[in-house]
1. What Kirkwood radius, in Å to one decimal, follows from the Cα pairs of region B:132-188?
2. Select from region A:73-171 those trypsin sites (Lys or Arg not before Pro) which occupy a DSSP coil region and have at most 16 other Cβ atoms within 10 Å, ordered by residue number.
3. So how tilted is helix A:40-53 from the main axis of chain A? Cα-based, degrees 0 to 90, rounded to 10.
4. Could you tell me which trypsin sites (Lys or Arg not before Pro) in region B:178-271 are loop residues by DSSP with no more than 13 other beta carbons within 10 angstrom of their beta carbon?
5. If you average 1/r over all unlike Cα pairs in the protein assembly as shown and invert the result, what Kirkwood radius do you get in angstrom?
6. Which of B:I282, B:I72, B:I54 ends up with the largest GNM mean-square fluctuation for chain B, with Cα atoms connected below 10 Å?
7. Please report the net charge: other residues with Cβ closer than 13 Å to the Cβ of A:G145, K and R +1, D and E -1.
8. Could you give the distance between the Cα centres of region A:96-126 and region A:143-177, to the whole Å?
Amino acid sequence: MNIDLLATAIALLTFFGISAIMALSLNLEYGLAGIPNFGKALFVSIGAYTAGITYTRLLPLLVGKAYLDPCGETLAQALDLRVRAIHDQPGIAFLNLGLTLLIAAIVGGLVGSLVSYTALRVKEEWYLGLVLLVGSEVIRTLVRGYTPLICGINGLSGVTQPFSALDNPTLSAACFMALVLAIAVLAYVYCERLVRSPFGRLLKAMRENEPVTLALGKHVPRLRAQVMLIGSALAAIGGVLFAVNLGFVSTNDYAVGFTLDIWVMVVLGGVGNHRGALLGALIVTVLNRATAILSIWANAQGSQFEFNYVRYILFALILLWVLRFRRQGLLPEHAETTVAHDELSVQP
Amino acid sequence: MPTSLILDSLVRSLQAGSLYALMALGLTLTMAVVRLPNFAHAELITVGGYVALIVSMGVSTSVPVILCLAFIGAGLVALITHRAVYRPLARLNLSTYAMILASFAVGLILRYLIFLLVDRFDFFDKPVKVPQQVLIRTPDLILTSVFAWGVPTALLLMLALSVVLNRTDLGRQMRALANNPTLAKVIGIPVDRVHDLTWLLVGGLAGVGGALWGIYTTVNPLMGWLTLLSVFAATILGGMTSFAGTILGAYVVSFSENLLMQWLNFQFRVDFSFKPAVPFVIIIVVLLARPQGLTGLADSLNGLRRWRGPTG
């Protein structure tokens, strides 16, 4: 069996870029602000569903064609129209992707900041995590049940990346990879600057001691809403890229397991350290790809052994190992020190 | 709505509600005594189902034997997860989120180990085969012996649990631990032993629930995971740590999933694919609007609830 090394590397880096965006967004929310977002899949899926909607509703409008029902009898024509429009009119394809990213970020951010106010209602901290987890499953069930949106259980194909005009699969994949990595780098720089800003220190203060932050006159609910807005907008952008990379939107992808993958990245890499989140994203992506390739290879050898199951067991063992023996993760968070700290040479 | 539909969904509601109650009581016990929202509870249910399946294929088709072995099997698995994972982690004083993540990890390990096993022997979607006979046959309703095992067994186990909690030393120690762990340690309650026995009981209840579920429908590696949020909904509706509340909650959840859903479908053509959303909506509404669940209501129905949980 031949493995196309270049294509594998490109796919790996694309997945890494997307995972990095999602891990960074969770690290902002959980690592910095201490919000247990167990509904990460919800905000990622908002991006993916937005892509599904814009590719079927907005794209025909942009190229001046009539809207065709993407799920019913005109399924094939609608799919053809999408793929052809993206292939023939690269300008429109980019405009469409740009608008999708914008809409997804706005919708994701709004939903995130609204949802953050549930933290005011819950009695115990971890109920918020449960509300978010269940919320993500509610939306998944509703989108799956309401078929006109993205064809319910069947999902929607033809949500392709905008470089297909190049007529060279490797080259267009490489271009898309570059786009994803560029967005990931932007996200990283933004998150790093955020940590070092007064806002970042405020978030850490809220995480460490909420009553004190309140007593110092900071508006904790608004702070929470702001960080959820940023994090969810980022997650939705990641979701658009995830769906466009797959070329397919399906409610099956955004189940609880998806959220857990992102949590593994952050917890393994180092809670509160953005470089850790990137490292975690890299490790998880490599393991994901490696097990996927192993499973294809094993199937080609005629083996019945399912490596995808082993993947989940492996991730769970990694998670337990980190929780037990390396609680700060691989790259621990830097201790916050001030100038005075160094000048007075206070021991930490 | 035609009578046959009403009766049919009524039977299904009662049956599912009794099984949810068994599973949810275990979860409530973990929440009260060990203070852990255990997402791996799902896999204890699945383990019970698979023990029942294997026993029914190789050992015996007698229902009491199947249920006893499912109780022991799932109980032992619960004990092992406690000793291997939860106890060492709890000694590190991790945050609740870390413990939730750990329980997810335990659940994943168990679920995919079961998947590997099931894949190897081709055990997907198999019903637990036990001799069945029709008890009542009317034009509107057919009642088989499956119903006669499920509901009474569940009621019997609920009664037994209530006796254990209210009348035995173990139950008193569990309640002490639930009320105030530090005080319980100070007055010399053997915390480790009580935790071990609690986990055995938790796993056992979930296992019997899973075994009965397997007799009632089929067994597959995702059965626990798919029922988990209904079970969580029952526990949350019961106010997290109240046993009477949990039982009531379980029936509320199953009646809304079956009877209410049937009515919505009949009246408003709501598709059955929305059925999984019912427990989700219950969880969110209760957590946001009434975090104490039904416990306040149970107070007024005097005597229903014997003791308060730690947060009650």
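Read-outs: derived from the displayed coordinates by stated rules, not from any lab. Because the structure is predicted, anything quoted here is derived from the model rather than measured. Please note: Cβ atoms are built from the backbone with ideal geometry, for glycine as well, and neighbour counts cover all protein chains shown.
1. Kirkwood radius, region B:132-188: 14.3 Å.
2. Listed in order of number, the matching sites are A:R121, A:K123.
3. Value to nearest ten degrees: 30.
4. Sites meeting the loop and neighbour criteria: B:R269.
5. Working: mean 1/r = 0.0377 Å⁻¹.
Across the protein assembly as shown, the inverse of the average 1/r is 26.5 Å.
6. B:I54
7. Around A:G145, the charge tally is +2.
8. Cα centroid of region A:96-126 versus Cα centroid of region A:143-177: 24 Å apart.
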